[in-house]
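Below is one structure, written out as structure tokens; the observations come after it.
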Amino acid sequence: MKNPLIQLILAHVKEYLREPGSVFWSFGFPVLMALGLGVAFSGKKELVHSVALVPSYAENDTLVSRIFFAGPSPGDTTIEKRFETSYGNIRYLFHVASWDSAQILVKRGIVSSILTEGENNITFHSDPLNPESELIGIQLSAYFKNGEINTFQGKLEPLDTKGLRYIDFLVPGLLSMGIMMSVMWGICYALIEKRSKKLLRRMVATPMKKSHFLIAQWISRLLVTFLETLILLVFAVLFFKLTIQGNFLALIVLLIAGNFCFFGLSILISARTANMQLGNGLISIITTPMLVLSGIFFSYQNFPGWAISVIKLLPLTKLVDEARGIINEGAGFLQAYDGILVLSGLGFMFFLLGLRIYKWY
Amino acid sequence: MDIFPVIEVNNVFKSFKDVHAVQGISLKIQPGEFVAVLGPNGAGKTTLVEMIEGIQKPDKGEILIKGKRWKRSNHAALNRIIGISLQETWFIEKLTVKETLGLFASFYKLDGNRVEEIIKLVQLEEKEKAYVKNLSGGQKQRLALGISLINYPEVLLLDEPTTGLDPTARREIWKILQKLKTEKNTSLVLTTHYMEEAEYLCDEIIIIDHGKILARGTFNELLNQCGSNEIIEVSFENEPAFDIGKLPGIKKIRSNNGTFNIEVEKITRTLPELMENSAKYKALIKTLQCRKVTLDDLFISMTGRHLNE
């Protein structure tokens, strides 16, 4: 005799793992995303700033070349000429171009700013709404004051201490996003499909306990997201040398609470949804704003103040913020307990609400 | 001694928006009895069966299974004694036949032996390790039937178990149900729009249409309601220049799109006269069919429509 709850959990897990597509989306995709974004934003040892340079006279004898090199390199007639200089840890890449070509370079996103060289001065053209462009402007105008070399007094040090890198910001975001997407899509899809194809109605016509069925859904999903999270964490630790600075147990409890919150939400969404077309719409309406607003990839601090206070109410924001606190700021249960309580409480509320209106037939 | 009925349906009504699906149906099913609910699509068969299954709630009337009503406190007990197969149930596609049966067996606290027995009973031995997804229509229906039988049900409710299956696959299901009938401990309610199925499997046939019972009885009783046992169906290339109604032994004639449906006392008496007259008056016979009367004829005589329309 086999335990029905265990049989249900096994059935759900098998159903999921035997679908190669879903396995890729759960396990492969987050790792690839971490790899792609991690390398794009923090894999470089040096930051490269590209600037267009419109010289006033001979290509080989620009002011900049005189500044950075002992002597000009004669015979170099190509239109684009690169000057590289080490400025602390930042490299400047100068694309020598005419004014018109320089504008095209800006339009194409190859450079963000243009330097035009006059008789004895340099004009810096930057976009005040583009932080990178403005930063380059400030740095370079300090460097070439009135066409003269202004000795740089300070020292530039890259921020590559663990916990401060972009990848450290990104991984908790990816973990949380993975949990939300996996739980919501996985559970809603499984439940709505079973309802629309009448399996749910067939199953409740047996002595199966409804609570067993729903608990099995959650536990099987928890097992799957546990694996997903583990794979992503191990990858981030090995490849990007991520360290979990806070309490690991608190992180696990937090992620379980997040899992439960989205499980409750899934039960609520799928409580009466008759088909997957409607389900797709509902899930997207709920997950997309959180994906955009909750600061998965970039901080939500750039939003206006009133928006931030709304964003902070979103379950995904709560999960990401607390996860970042534990992974990067060394938080433990003492700091994360309110997040854990809020997420579990929300999950419980959604779950009870969903159960009240749940349609088994 | 009166036998206590297994299923008792008393004057049950059910409507959905504008559709009156079931309008005052009553029936009793005795232990071991096989009953067919026969009717065209939309007759209210599924609604009736789903009310017996406890899936739908009647608007009016009462349904008792072994004397018990469908109320929350009875659900578990009733679910334990009934076995159902819904119209087109889908099972988890990436589970094997054996795993699916194992899952359902666990709900009844039954072990692997019962799963093996069922696999043998529904003849899915060769497919026990196949994913449900890869089963044919007939195999899927046999799996659904196997699941409905897993708990040794006292009441088996099958909603169109062979719809959409080819004749061979249909016969395989019939064989399994026949075998069950010989064991005599299961009552069966089966909905179908195949009259052969009702005739082959069931002791009693209930013909329903528009949510009402039109006729009930054994196959022979129903046929006797037609009053006639034999039918000649004939059509001509040209208009026959003789009065078919004047032929001997004719009880009733219906004409539909140029085909004459002639109920006769004896084919052997009427047919020779028909042929003779056709030759004499140069009526060219296009089609000719002689057969025993069927439930479809009964249904047509009552509703003017075919059963499988």
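Derivation of every value follows stated rules applied to the coordinates shown; laboratory data play no part. None of the values given here were measured: they were computed from a predicted structure. Here the Cβ positions follow ideal geometry from the backbone for every residue, glycine too, while neighbour counts run over all protein chains shown.
List of remarks:
- The amide H of A:Ser113, built 1.01 Å from its N in the peptide plane, has A:Ala52 as neighbours under 5 Å, considering only residues 5 or more places off or on other chains.
- For the stretch B:230-242, putting each phi into the Karplus relation 6.51 cos²θ - 1.76 cosθ + 1.60 with θ = phi - 60° gives couplings of 10, 9, 10, 10, 9, 9, 10, 6, 10, 5, x, 8, 9 Hz, in residue order, rounded to whole numbers and with x for Gly and Pro.
- Highest mobility in the GNM of chain B, judged by mean-square fluctuation with C-alpha springs under 10 Å and restricted to B:Thr186, B:Thr294, B:Thr89, is found for B:Thr89.
- Taken over the stretch B:116-193, lysine pairs spaced eight or more positions apart, or on distinct chains, with alpha carbons under 23 Å apart number 15.
- Gap separating the Cα centres of the stretch B:71-138 and the stretch A:182-253, nearest whole Å: 25
- Between helix B:137-149 and chain B there is an angle of about 60 degrees, using the helix long axis and the longest principal axis of the Cα atoms.
- Under Karplus coefficients 6.51, -1.76 and 1.60, residue-wise ³J(HN,Hα) of the stretch A:344-350 in Hz, glycine/proline x: 5, x, 4, x, 5, 5, 4
- Prolate/oblate/rounded call for the stretch A:273-358, Cα gyration tensor, a/c under 1.5 rounded: oblate
- Given +1 at the Cβ of Lys and Arg, -1 at the Cβ of Asp and Glu and no other charges, the dipole of the protein assembly as shown around its Cα centre is 1960 debye to the nearest 20.
- Farthest toward the positive end of the dipole of the stretch B:23-150, out of B:Ala144, B:Gln23, B:Trp90, is the Cα of B:Gln23, where the dipole comes from beta carbon charges about the Cα centre.
- Least to most buried among A:Met276, A:Met180, A:Met203, A:Met290 (fewest other Cβ within 10 Å first): A:Met276, A:Met203, A:Met290, A:Met180
- Separation of the stretch B:198-229 and the stretch A:1-36, taken as the distance between their Cα centroids, equals 52 angstrom.
- Ranking of B:Thr182, B:Thr287 by count of other Cβ atoms within 10 Å, fewest first: B:Thr182, B:Thr287
- Computed from backbone phi with θ = phi - 60° and the Karplus coefficients 6.51, -1.76 and 1.60, the 3J(HN,Hα) list for the stretch A:198-204 is 6, 6, 4, 5, 5, 6, 6 Hz; x is used for glycine and proline.
- Cross-link reach list, lysines versus B:Lys17, counting only Cα pairs under 21 Å and skipping chain neighbours closer than eight places: A:Lys359, B:Lys45, B:Lys57, B:Lys60, B:Lys212
- Degrees separating the helix B:167-183 axis from the principal Cα axis of chain B, which is the longest one: 60
- When the stretch A:310-361 is described by a simple charge dipole with +1 on each Lys and Arg Cβ and -1 on each Asp and Glu Cβ, the residue from A:Ala323, A:Ile311, A:Gly347 located farthest towards its positive end is A:Gly347.
- Each of B:Lys71, B:Lys212 has some number of other Cβ atoms within 10 Å of its Cβ, and from fewest to most they run B:Lys71, B:Lys212.
- Gyration tensor (alpha-carbon) shape descriptor, the stretch A:185-225, a/c threshold 1.5: oblate
- For B:Leu95, distant residues with modelled amide H under 5 Å away: B:Val132, B:Lys133
- Rounded to 10°, Cα long-axis angle of helix B:72-81 versus longest principal axis of chain B: 70
- Distant-in-sequence amide contacts of B:Leu188, defined by a placed amide H-H separation under 5 Å and a gap of 5 or more residues or a different chain, comprise B:Glu33, B:Phe34, B:Val35, B:Leu156.
- Cα-projected label distance for B:Glu221 with B:Leu288, points at 7 Å along beta-carbon direction, nm: 3.8
- Furthest towards positive pole of dipole, B:Asn113, B:Thr168, B:Pro240, structure part chain B, Cβ charges: B:Asn113
- For chain B, a simple Cβ point-charge model (Lys and Arg +1, Asp and Glu -1, everything else neutral) yields a dipole of about 580 debye relative to the Cα centre.
- The stretch B:6-110, relative contact order in percent, only Cα pairs under 8 angstrom and at least six apart counted: 26
- The distance from the alpha carbon centre of the stretch A:259-306 to that of the stretch B:255-309 is 67 Å, rounded to a whole number.
- Electrostatic dipole magnitude of the stretch A:159-315 [Cβ: Lys, Arg +1; Asp, Glu -1; Cα centre; debye, to 20]: 820
- Shape of the protein assembly as shown, Cα gyration tensor, a/c cut at 1.5: prolate
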